[in-house]
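Asks: Here it is: the structure, laid out below.
Nothing in this text is a laboratory measurement; each read-out follows from the coordinates by a stated rule. Bear in mind the structure is a predicted one, so any value in this text is a computation, not a measurement. Heads up, the Cβs are rebuilt from the backbone with ideal geometry, glycines too, and the neighbour counts pull from every protein chain shown.
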C-alpha cells in the first residue's frame with residue numbers, strides 16, 4: 001500500500017479550469033441580450049442583427065463544447081455529460097463531486113458486504 005502524499009495541484013487546476021469554462025458559458029448566454037440592444041442602438045438593420053446572432057451562435061457552440069468536454073478530476077468522466085445528455089449542473093453526473101469543492105478527495109467506490117467479507121482482517 002502506498003502511503004505517499006497525494007499531489008492535489010493537478011486536481012485544483014482541473015477544477016479551476018472547469019469553473020472558468022462554466023463562467024465563459026454563462027457569460028456568453030447572458031451577454032447576448034445586452035449585445036443585441038447595443039447593436040440595435042448602433043445599427044438597427046437586419047444585417048447587423050443577423051451578423052451579431054451568427055457570431056454569438058459560433059461562440060456559444062465553442063464554449064458549449066469546452067464545458068461539455070470538461071473532465072472530472074475525481075472519477076475521470078465528463079463532468080457535465082452523461083451519455084449524450086449535457087446537463088450543466090453543480091455536481092459531477094457520475095461521482096457527485098461539487099463544483100465548489102476545493103479539497104482533494106479521491107473517488108472511493110462503496111465496498112459491498114460480499115467484498116468486505118472476503119477482505120483479510
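Asks: Within the range 33-88, restricting attention to residues that are in contact with a strand residue (DSSP E or B) (Cβ under 9 Å, 6 or more places away or on another chain) and part of a loop (DSSP other than H, G, I, E, B), which residue is nearest to residue 101 (Cα to Cα)?
Replies: 72
Asks: Out of the residues in the range 73-98 that are within 8 Å of the chain's Cα centre (by Cα) and touching a residue at least 24 places away in the same chain (Cβ under 8 Å), which is farthest from residue 26 (Cα to Cα)?
Replies: 79
Asks: Just one of 52, 31 is surrounded by 13 or more Cβ atoms within 10 Å (Cβ to Cβ), touching a helix residue (DSSP H, G or I) at 6+ places or on another chain (Cβ under 6 Å) and farther than 30 Å from residue 10 by Cβ; which is it? Even if it seems obvious, please write down each step before you answer.
Replies: Details: 31 fails: touching a helix residue (DSSP H, G or I) at 6+ places or on another chain (Cβ under 6 Å).
Exactly one residue qualifies, and that residue is 52.
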